[in-house]
Amino acid sequence: MAEQSLPVKQNRLDYLDNLRSFALLLGLAFHVAIVYAAIIIYPLRNDDRSIAFDVFGEWVHLFRMPMFFVLSGYFTERIYLSKTLKEFLRLRALRIILPLIPGIILFAPMQYYVNALQEGYQGNYFKFLWEEFLLKNPAPSHLWFILYLALYTFLYLGVRPLVSRIGKFILPSSRYGEEGSEKRPSVKWETLLIAGIWCTIWTCGINYFFLKDQKYLNIEPVQFIYDFSFFLFGSFLIGKESTILKGKTNRFEIILLGFLSFIFFGLFYWVSTIDPYWSYFGYTGFGMRILHIFLKCLGGWIWIAFFIRLFQLFFNKTGKLSSYLRESSLPVYLIHHPISLGVGFLVISTGLSIWIKFSLHIFFVYALTFLVYHFVIRDSNFWLTVLGNKGISFKRNK
């Protein structure tokens, strides 16, 4: 690894850590909302549904996981450049691979059990867990992103020599590096456009051969490559952080990004009603599908830039609350799904209105999940290790 060099020892970007926590914790609201969505298919569904939850779900889905993978790609490259290969693999194993297997066994089966109950399954949960889940088809459920991230990490090691050259070609340091970005304000917008085109090319390429929901060994090729394109571009931003991840910002830039974000989301949502993404490539014409994917990719990048600038300006501090949320976000996300399904199963059986159900559902999911984290997980070295936060309790007690 002699070729590696981290240009300058970089300070910790607290607002990116806060943003990553926000992306994870927003997933709880997403999984609650889609229970009440009219179009989005989910194992647990309320009888009375509203299109408002579909709009919310599509909005969250447009940027949340892409943003998570951009940050994961960026921090993966930073760790790779600052550690030996052995240290890199050890850190990735503790943070990603270790929580994957117990997470799938402990927290994933509930989604499939609820789905089986609705299809007439009569057995209890533990019988289902052993006979139908573990022996037949162990699947990641809401932990799919950890499975993907584990695969991305090892795939990245293989393709890094090639993609790093591509990154230097499409984002040359002379123009997109620290000095070039400061001299040319337009570079930020150029980078967003390049990122949108980069992800569009990858996604169109895979979508031409595979339908969106096709799955092989619990991997959806279209989703896998789409997210990987964001991951790779995040790795390109080392040494070019001022384009998207940091640099001077102000309220006007945030307002402009926010305005463009809503415009692109509106266009994307409108096109998605004309060209349903689950259909084959070219279902409504090649041009329409390419436009659909371009709006999805570029719209996602604009939202990512908006939230990065927003957090940079307003949430760039480390306090007790932000530290607590950063420590808790991954364990909370890992354990929330069975809690959300259990609470939802009880709430939707009541005769309350849809909005009262949703309010109660989301309140109890956040409350119960954080209670479990605070009183069971937070001070347990075993659970912190199993859930990917090894060492946090030791650091806190020093």
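Just so it is clear, none of the values below were taken in a lab; they were calculated from the coordinates. Everything numeric here is computed off the predicted structure, so don't read it as measured data. Glycine gets a Cβ as well: all are built from the backbone with ideal geometry, and neighbour counts include every protein chain shown.
Convex hull volume of the Cα atoms in the chain, per residue, in Å³?
Details: hull volume 62.5 nm³, N = 398.
Hull volume normalised by residue count: 157 Å³.
Lone cysteines in the chain, defined as no other cysteine's Cβ under 4.7 Å from theirs: which are they?
Those would be CYS204, since no other cysteine Cβ in the chain comes under 4.7 Å of theirs.
In degrees from 0 to 90, rounded to the nearest 10, what is the angle of the helix 354-372 Cα long axis to the longest principal axis of the chain?
80 degrees
State the percent of C-alpha pairs, over all pairs in region 138-203, separated by a distance greater than 14 angstrom. Don't skip to the end; give the middle numbers.
Details: 1529 of 2145 pairs.
Within region 138-203, distances greater than 14 Å cover 71 percent of Cα pairs.
Considering every pair of different Cα atoms, what Kirkwood radius, in Å, is found for region 212-346?
When all Cα pairs of region 212-346 are included, the Kirkwood radius is 18.1 Å.
Would you work out the relative contact order for region 247-329, in percent, from Cα pairs under 8 angstrom that are 6 or more residues apart? Please list the in-between numbers first.
On the way: 41 pairs, mean separation 32.4, N = 83.
It rounds to 39 percent for region 247-329.
Per residue of region 35-42, in order, report the coupling 6.51 cos²θ - 1.76 cosθ + 1.60 (Karplus, θ = phi - 60°) as ³J(HN,Hα) in whole Hz, putting x for Gly and Pro.
For region 35-42, the Karplus curve yields 5, 10, 7, 7, 10, 4, 8, 8 Hz.
Based on DSSP H runs of at least 4 residues, each adding -39500 (n - 2.57), what is the mean residue ellipticity at 222 nm of the chain after dividing by all its residues, to the nearest 500 deg cm²/dmol? Each step should come with its number before you reach the end.
Numbers: 17 runs with 273 residues, N = 398.
My calculation for the chain gives -23000 deg cm²/dmol from helical runs alone.
In debye, nearest 20, what is the charge dipole magnitude of the chain about its Cα centre with +1 on Lys and Arg Cβ and -1 on Asp and Glu Cβ, if you could check? Write out the running numbers ahead of the final one.
Values: 39 positive and 24 negative charges, 282 e Å.
In total the dipole reaches around 1360 debye.
Per residue, how big is the convex hull of region 83-213 when only Cα atoms are used? Give it in Å³. Could the numbers behind the result be given before it?
Working: hull volume 23.3 nm³, N = 131.
Cα-based convex hull of region 83-213, divided per residue, equals 178 Å³.
Over region 166-239, with a single point scatterer placed on each C-alpha, what log10 of the ratio I(q)/I(0) does the Debye formula yield at q = 0.11, 0.12, 0.13, 0.22 1/Å?
So the normalised log intensities are -0.35, -0.41, -0.46, -0.92.
May I ask for the equivalent-ellipsoid semi-axes of region 132-279, computed as the square root of five times each C-alpha gyration tensor eigenvalue and listed largest first in whole Å? If you can, show how the numbers build up before the last one.
Details: eigenvalues 201, 90, 41 Å².
The answer is 32, 21, 14 Å, longest axis first.
In whole Å, what three semi-axes, largest first, describe the equivalent ellipsoid of region 286-328 built from its Cα gyration tensor (square root of 5 times each eigenvalue)?
Details: eigenvalues 240, 27, 3 Å².
Three semi-axes, in Å: 35, 12, 4.
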